[in-house]
Amino acid sequence: MKAHVSAILLGVRDMERTRRFYTEGLGWQVAQDYGVSVFFASDGGSPVGFYGRDGLAEQVGTSPQGSGFSGLVLTYVVRSETRVDEVMAEAEKAGATILKPAGPLPWGGYGGSFADLDGYIWSLGYSAQGENQPYAE
């Protein structure tokens, strides 16, 4: 197995609410809508999509029940502190819960984090050392 993620699929409770959060709130574009799942245009990275939580749990053979920190954090790297602040504001306006407001990070960068409407945690970060990272926005 290679160190590579082919796609990120989030199990969500309300398909339409999630679609509005990511499209209207964060400005993402839908690339494919299969009815039971939706994938967004990836802009060169791993595609991100969502699927009904119960159906996704059944598909992978687990229970859809559970709460608390799952141990999964989705990271989004940007090229400036200003962009961190902009994305955090977009997410909050769209209904995200700010978990850690943007500010200096212990390792020397700048970032913050929020949870989307289903509790998935997004960590935003900027580091002057990573300005040439091809995956940074």
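The values are calculated or read from the model by the stated rules, or taken from the named source; none is laboratory data. Bear in mind that the values here come from a model prediction, so they are computed numbers and not experimental data. Virtual Cβ from ideal backbone geometry, glycine too; neighbours counted across all protein chains shown.
Scanning segment 99-136 for residues being at pLDDT 80 or above and in a loop (DSSP other than H, G, I, E, B) gives a total of 11.
Might you let me know whether segment 54-70 holds any residue that is within 17 Å of the chain's Cα centre (by Cα) and under 30 Å from N132 (Cα atoms)? No; the residues of segment 54-70 include none that is within 17 Å of the chain's Cα centre (by Cα) and under 30 Å from N132 (Cα atoms).
Has segment 97-111 got any residue that is among the charged types (D, E, K, R), surrounded by fewer than 16 Cβ atoms within 10 Å (Cβ to Cβ) and within 30 Å of G52 (Cβ to Cβ)? Full working, then the answer.
Within segment 97-111, the subset among the charged types (D, E, K, R) is 100.
Next cut, surrounded by fewer than 16 Cβ atoms within 10 Å (Cβ to Cβ) only: 100.
Now drop any that are not within 30 Å of G52 (Cβ to Cβ), which leaves 100.
Yes, some residue in segment 97-111 is among the charged types (D, E, K, R), surrounded by fewer than 16 Cβ atoms within 10 Å (Cβ to Cβ) and within 30 Å of G52 (Cβ to Cβ).
Candidates S63, S80: the one that is at pLDDT below 95 and either of a type in the set (K, R) or over 25 Å from S37 (Cα atoms) (or both) is S80.
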